Amino acid sequence: MIIKITVDGKDIYSQKGWTILKALSYFKIDIPNLCDYYNDNTNNNFSFVRDEKELNCKLCLIKVKRKNEEFYNFKYACNEIVENGMKIISEDEEIASYRKSLLNSIYFSHNAICSNCEVNYNCKLKKYFDLYNITKKNNERVNNDKFINEIKNIVKTFNLPDYIKADFDRCINCGLCDNYKTINGYNSMIVDLCPTNVFYAERKFEIKNNSNNSIESVKSFCIGCNKLCDIKYLHNKETIIDIKSIENKKYGLCDYGRKMDCYSNDSLKYPLINGVENDFEKAKELYQEFTNDINDNSYLAIASASYPIEDIKAFNSLASSLGITKLYYKKNYMATDSNVIRENLTNINKYSIEELKRELKYINGENIDFDSYKKFIILGDSLFDNDEETISFAQKNKRNYIVFTPTLSLLAYNSFVAFPIARLGEFNGSYIDNYGKQKEIVSFLNKDKNRLNLRDLIKYLYL
């Protein structure tokens, strides 16, 4: 049932039974809060459902007047259910003064130094400090050891993935950890829920961010598997910084998607010839020599399935035109024990395969014998290039393959020729999920002129 409420003099409509905090969030009305999320594990849903007796941060104080009431009363937005005809004041001078005093008390018990904090671009607390002009008067360290040790003991029970780390100096005892319940395969969701980013994903590759290069976010989808879950990428102009769940979604990022191994920014910028940087024209010449030798069934095409359909089709057509008759799409192996996530091919399924040429015979990787092939043409990516199977392959078949990849990796170094191609954030194209829904990915990073989309690089090689 839909009901009408009035917020700061404007009428809006809400679902009956929602809290005021949830209702207003759908209209982008930001009521300050640091403890809004609660994990309702009965339906695997991360939502605004809370224990009504538990009010932690108390920042969401508002004024409410019900339909038959004469005066406004103070209420907490996270704990008050909307009613038809209800009038709400989200902030006035009295509420602002109250919130400022609460934030000051939090600031003086908060050990993190916000000016040096690596996550200030994504910290709710920092946002409210700036909004209410809260500044710290000294840098003395506050002794929070008692409650921090209690939080640490609780966190030990979460069974967080190894790559999820914690900086407890950022902790403000918001109450999230007291209520958090893990879901198999989604244990790392606490990274999205923590208001001060105590929890974070440790990346394999160092990501440097220039202070003059502002952080932005873009809504897109994860290419870690064929579910293509909606997410947002945090990035500057040159590189992806982090990956986050989108608010108000039933499922956030799974533990595998959050690892972000396939979004490495350790990029290949120039062609490698026998492991040494060289120019494109020389690499193109050697490519022609290598491919002129293909004349029997002892050559194999190997491809990542993490690229747009347009690039996968281009690679498929390239292999076919070279006389290669067999193509192996390499699966992503999910680093989680969840029963809802498994090894898979990101953009190869019963729907997308219809878009591809059928000249090639697709072979099952579980039964493949690489020793029976002489040479290889490979489409790699950051995840593909750095797994143990690929590293072993690269060492065993050194200089016997050409690879197209965005990643500066052992696979690239051991190749005969490695060509740089556009990485995630730089390429555009289509994906088809395991339900047959087509999604478009658009570039959001500055494009490097040396890293073309694969389909454009192939055109260059045959000009």
What lysines sit close enough to K165 to cross-link, taking a C-alpha to C-alpha distance under 17 Å and skipping anything fewer than 8 places away on the same chain? K152, K156, K204, K244, K259
Going by amide H atoms built from the backbone, whose H comes under 5 Å of the H on F221, apart from near neighbours? I231
Could you work out how far the C-alpha centroid of segment 396-463 sits from that of segment 311-325, in angstrom? 14
Which value in nm describes the separation of the simple spin-label points at L461 and I353, placed 7 Å from the Cα toward the beta carbon? 2.5
Give me the number: length gained by fully extending E150 to V276, i.e. 0.36 nm times residue separation minus the C-alpha to C-alpha distance, one decimal in nm. 40.1 nm
Please list the non-local residues whose amide H lies under 5 Å from the amide H of L452, H modeled 1.01 Å from N, same-chain partners needing a gap of 5 or more. A422
Can you tell me what share of the DSSP beta bridges in segment 272-461 is antiparallel? A percent to the nearest 5 is fine. 30
Provide, as a two-decimal number, the C-alpha radius of gyration of segment 266-313 over 2.2 N^0.38 Å, N being how many residues it has. 1.43
What FRET efficiency comes out for N295 versus Q15 if R0 is 56 angstrom and r is the Cβ-Cβ distance? Round to the nearest 0.05. 0.25
Only sites in a loop by DSSP and with at most 12 other Cβ atoms within 10 Å count here; which chymotrypsin sites (Phe, Trp or Tyr not before Pro) in segment 373-444 make the cut? Y435
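Only the coordinates and a few stated rules stand behind these numbers; no lab work does. Because the structure is a prediction, the values reported are computed rather than measured. In this analysis, Cβ positions are derived from the backbone assuming ideal geometry, glycine residues included, and neighbour counts consider all displayed protein chains.
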